[in-house]
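Computed from the coordinates by the stated procedures, all read-outs in this text should not be read as laboratory data. All of these numbers come straight from a predicted model, not from anything done at the bench. For neighbour counting, all protein chains shown are included, and Cβ atoms are generated from backbone atoms with ideal geometry for every residue, glycine included.
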Amino acid sequence: HALTVLNYPTRTIDEYCKFVGNGVMVLFKRCLPDDCKTPENVEKMKNEFRKYYSEHLLDNTRPYDGIKELFDALAKENEKRKADGVSEKELLKLAILTNKPDNFAHIIVNTLFPNTFDIIYGSREGHERKPSPEVINIILKDFNRENDPRESAVMIGDSNVDIFTAQNAKIHSIGCSWGFRGEEELIAANAEFIAHKPIEIYEFIQKMN
């Protein structure tokens, strides 16, 4: 939309899939023609995108098949642990970490997955984006688990950016083969485990704990 409004050529779906993952400002720069990648043009793209996207956040946004069942399984696992009388530190905690603007991330996640995530952390001023481990460390601190073994945490994502984030934070990594980038990129990034369907994530977490 932003490219069309500003009279730039549009890109293919495959190109967009490769461009996403490092935040919207990087996305805009990648989308622009090589001779138009100026800060002023990137800013125009940002303004047009934010205006349009804020009005159409959920138009074509749906969970992948099997994701709801995964979250149901994780919730049941926590119910079982509570029934067994485990400590708060032994309960599963779920967080979203995305380079998507923070306000957009909260709207999308709370609409599609209400009461599912303990923390939602989008791109915020003053904080580094993935693949920096900064926000992983903040999330672990918010969970009061910053001093726990790093092996007790796992980052799950569909791009090499997610895998690099996990590696930089020294936590487990799971790559999702059904996402934007595909399995080859995840293998090249040395993902610790590649899930081909969501329930395999639950099986990995069970083995961790």
### Query
Mean separation of Cα pairs under 8 Å and 6+ residues apart, divided by the residue count of the range 1-148: what relative contact order is that in percent?
20
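Assuming 0.36 nm per residue, please report the length gained on full extension of the stretch D84 to M25 beyond their Cα-Cα distance.
Details: separation 59, 0.36 × 59 = 21.24 nm, distance 4.69 nm.
So the extension gain works out to 16.6 nm.
For a quick check of your reading of the filter: which chymotrypsin sites (Phe, Trp or Tyr not before Pro) in the range 36-75 sit in a DSSP loop and have no more than 13 other Cβ atoms within 10 Å? Write out the running numbers ahead of the final one.
Working: sites: F49, Y52, Y53, Y64, F71; in loops: Y64.
For chymotrypsin sites (Phe, Trp or Tyr not before Pro) across the range 36-75 that sit outside H, G, I, E and B with at most 13 neighbouring Cβ atoms in 10 Å, the list reads Y64.
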### Task
Under 15 Å from the Cβ of K18, count the other residues' Cβ atoms, weight Lys and Arg +1, Asp and Glu -1, and hand me the total.
-3
### Query
Using a basic spin-label model with each label point 7 Å from the Cα along Cα→Cβ, how many nm lie between L91 and E192?
2.3
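I need the shape label for the range 115-164. Rule: rounded when a/c is under 1.5, else prolate if a/b > b/c, else oblate, with a, b, c from the alpha carbon gyration tensor. Working shown, then result.
Values: a/c = 1.34, a/b = 1.17, b/c = 1.15.
Judged from the Cα gyration tensor, the range 115-164 comes out rounded (a/c under 1.5).
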### Message
Give me the count of lysine pairs in the range 67-208 whose alpha carbons sit under 19 angstrom apart, restricted to pairs 8 or more positions apart or on different chains.
### Response
24
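On a full-extension model of 0.36 nm per residue, what is the gain between D14 and E183, subtracting their alpha-carbon distance, rounded to one decimal in nm? Before the final figure, lay out each step's value.
On the way: separation 169, 0.36 × 169 = 60.84 nm, distance 1.47 nm.
59.4 nm is the gain from fully extending D14 to E183.
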#### Entry: Separation of alpha-carbon centers, the range 168-209 and the range 144-161, rounded to whole Å
12
